[in-house]
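Shown next, in structure tokens, is the structure this report addresses.
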Amino acid sequence: MNNSVSNTARLLWAALRALLVLTLVTGVIYPLAVTGVAQALFNNKANGSEIKSEGKVVGSSLIGQQGYSLDYFQPRPANGLGVNSINTQYKLILSGATNLSADSKVLVQQVKVAKAAVIKDNSVPGYTVKASQVPADAVTSSGSGLDPDISPAYADLQVHRIAERNSLTVAQVRKLVDEHTDGRTLGFIGEPTVNVLELNIALKSLVAKS
């Protein structure tokens, strides 16, 4: 009987020591080590890839915003989020795609409406947008509905509107787009992109200087 109690106590004490050691290693030391490495080597990414303007955090380079006026570059549509007022300024309760198939009548109608709006909004005196100029990302949402980037083609399509509304030259705005166009990762992965938030911050600065 005594041996049995003694063995049980010994096993419980061994289990407790293992629990304490593993808790210390996996719950304290490892998280602190990973956090330290992340902060030292990847500080910006570890803290949410924040974008600052005038000393204040205005968003993340990884998450798109909605609700810009037509004085600014427009992001991709957010149809995947549905019609709501929640996902406008980083109150990210919802995220997702439309889950509509390519032959969905609802999707086709959404694209037609979006395309007509893009043509209307971006046509200015002396420059009319053609239907063939409208890229796919101008009329469809991304898989998350929160894509922070647009294609250079969509950014270029908006150049004349931006120039007209902000009393800038087309050359000035196009130069701004070129400066904020990122190429393919490692030169061959993915497609060139333009971060809308970063571009609009640069546009605001350019307008202020002008």
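Computed from the coordinates by the stated procedures, all read-outs in this text should not be read as laboratory data. Keep in mind it's a predicted model, so treat the numbers as computed, not measured. Positions of Cβ are backbone-derived with ideal geometry, glycine not excepted, and every protein chain shown enters the neighbour counts.
Once the Cα atoms of helix 196-209 and of the chain are each reduced to a long axis, what angle between those two axes, in degrees from 0 to 90 to the nearest 10, is obtained?
Long axis of 196-209 versus the principal axis of the chain: about 50 degrees.
So what's the angle, to the nearest 10 degrees on a 0 to 90 scale, between helix 30-41 and the longest Cα principal axis of the chain?
30 degrees
Using a Förster radius of 41 Å, what is the FRET efficiency between residue 131 and residue 61 based on their Cβ-Cβ separation? Nearest 0.05, please. Could the numbers behind the result be given before it?
Details: r = 32 Å, r/R0 = 0.77.
Computed FRET efficiency for residue 131 and residue 61 comes out at 0.85.
Using the crude model of +1 on Lys and Arg Cβ and -1 on Asp and Glu Cβ, and no other charge, please compute the dipole size for region 50-209 relative to its Cα centre, in debye to 20.
Values: 16 positive and 15 negative charges, 82 e Å.
For this selection, approximately 400 debye.
At a Cα cut-off below 16 Å, give the lysines reachable from residue 56, other chains included and same-chain residues fewer than 8 away excluded.
Output for residue 56: 204.
Angle, helix 105-122 long axis vs. longest principal axis of the chain, Cα atoms, 0 to 90°, nearest 10?
The angle comes out at about 60 degrees.
Using helices alone, what [θ] at 222 nm do you get for the chain, with -39,500 (n - 2.57) per DSSP H run of 4 or more residues, divided over all residues and rounded to the nearest 500?
Working: 8 runs with 94 residues, N = 210.
Estimated from H runs of four or more residues: -14000 deg cm²/dmol.
Report the local net charge at residue 168: Lys and Arg +1, Asp and Glu -1, summed over other residues whose C-beta lies under 13 Å from its C-beta. Provide the component values of the computation, followed by the final result.
On the way: positive: 161, 165, 174, 175, 204, 209; negative: 71, 164.
Neighbour charge sum, excluding residue 168 itself: +4.
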